[in-house]
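The values are calculated or read from the model by the stated rules, or taken from the named source; none is laboratory data. Everything numeric in this text was worked out from a predicted model, so none of it was measured. All Cβ positions, glycine included, derive from the backbone under ideal geometry; neighbour counts span all protein chains shown. When the accessible area is computed, the model is the full protein with side chains, heavy atoms only, and any ligands, DNA or RNA have been set aside. Shrake-Rupley method; radii C 1.70, N 1.55, O 1.52, S 1.80 Å.
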Amino acid sequence: WTPTLLARRFGLGAGEIGTVLGTVVVLAGVLGAAGAGIVADRLVRLGVEKARLKLAYFTLIAGAIGTLVAAAPTTALIFSCVGVWILASTSGQAAGLTILQEMVPNEIRGLSVSISSLVNIGLGLALGAALPAAVSVHILHDPQAVGLAMTLVALPAAIVSILLYRRAMTGIDEVVTA
């Protein structure tokens, strides 16, 4: 929905949006996924308790800022918000998959990753694509309110993710110690 927001609010063309947004998404995604693994492994080696959970939790808190795209008054801030959100969400997902692997028995690791991927991809692609449109048209009654619709969809998702990671940190001491 970011390209739609940029085109409607600022009149940007597909070429400009694609070049900048593509760069932001690739860089943030690679840095988030690879960076989360590198940082988490280092924290584990340093003996930080529940390092991966803490990393996922704190990156998603920071990432919630990226969901505030509706408040961004310039294209640069919109691209920045998207970059922060992509960085945080890929970090959280990378850490989450590693945590899942640590928690489940060897016999069901493949199944657990498959289910996790199904939920992430299914919810992310299906709801992530449909909900901003539904919110802007049926709740806000303004097809121009794409940014606000994006925030109204992404911010609650970020909050739920943060709360789930927080619950995991306080509720599974006997399962995950790294």
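Values as computed for the structure displayed
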quantity: Among (i) 0.94; (ii) 1.06; (iii) 1.02, the entry that matches Rg/Rh (Cα atoms, Kirkwood Rh) as calculated here; calculated: (iii)
quantity: Karplus-derived HN-Hα couplings along the range 51-59 (A = 6.51, B = -1.76, C = 1.60, θ = phi - 60°), whole Hz, x at Gly and Pro; calculated: 4, 5, 4, 5, 4, 4, 4, 6, 5
quantity: R0 of 41 Å, Cβ-Cβ distance residue 14-residue 106: FRET efficiency to nearest 0.05; calculated: 0.30
quantity: Full-extension gain in nm, residue 74 to residue 30, via 0.36 nm per residue minus C-alpha separation; calculated: 13.4 nm
quantity: Helix axis angle, 75-103 relative to the chain longest principal axis, alpha carbon, degrees; calculated: 20 degrees
quantity: Acute angle (nearest 10 degrees) that the helix 14-45 long axis makes with the longest principal axis of the chain, alpha-carbon atoms; calculated: 20 degrees
quantity: Å² per residue, accessible surface of the chain at 1.4 Å; calculated: 54 Å²
quantity: Carbon and sulfur %, accessible surface of the chain computed with the full protein complex present, 1.4 Å; calculated: 71 percent
quantity: Sites residue 129 and residue 39, calculated FRET efficiency, Cβ-Cβ separation with R0 30 Å, nearest 0.05; calculated: 0.50
quantity: Charge dipole magnitude, Cβ of K and R +1, D and E -1 - the chain, Cα centre, debye nearest 20; calculated: 180 debye
quantity: In nm, spacing of pseudo-spin labels at residue 118 and residue 142 (7 Å Cα→C-beta vector); calculated: 4.0 nm
